[in-house]
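The values are calculated or read from the model by the stated rules, or taken from the named source; none is laboratory data. Computed from a predicted structure; not experimentally measured. Counting neighbours? That spans all protein chains shown, and the Cβs are built from the backbone with ideal geometry, glycine included.
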Amino acid sequence: MARYTGAVRFGDGELRYFVFDGTTDTARRRLYISDSEAFSAWDTIIENDKSCVACDDQEVEVMPYFCHGDQRIAFTSMASKDRTRLTGITSVNTLFVSDN
């Protein structure tokens, strides 16, 4: 499996990091404060948290290959700092499906 450490950039410039599965081209929803924490989370089983009590969703720039020297590949999604989750789309492929 291909794994990468990606990043989301919030409107205030803050970065949070995530595990990107290169085999399925999908970002895992959990966000981490540091890139090393995200890198270490590859084998962590993440519960699918769909609850939203007081969401602080914000538009973010999702960069799957950020920690591997490529910020050019990016797409827009939504994320919550409080819940430390990507709350919008997790794959650029979703954009192509929704456009058709």
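What to note about this one:
- Scanning the stretch 48-62 for residues that are part of a loop (DSSP other than H, G, I, E, B) and touching a strand residue (DSSP E or B) at 6+ places or on another chain (Cβ under 9 Å), we see that the one that is modelled with the highest pLDDT is Asp57.
- Restricting attention to the stretch 13-27, the residues that are crowded, with 20+ Cβ neighbours inside 10 Å and of a type in the set (D, E, K, R) total 1.
- Meets criteria (hydrophobic (A, V, I, L, M, F, W, C), under 14 Å from Ser80 (Cβ atoms) and at pLDDT 95 or above) for Leu15: no
- In the stretch 63-84, of all residues being surrounded by fewer than 16 Cβ atoms within 10 Å (Cβ to Cβ), at pLDDT 85 or above and in contact with a strand residue (DSSP E or B) (Cβ under 9 Å, 6 or more places away or on another chain), the one that is nearest to Arg9 (Cα to Cα) corresponds to Thr76.
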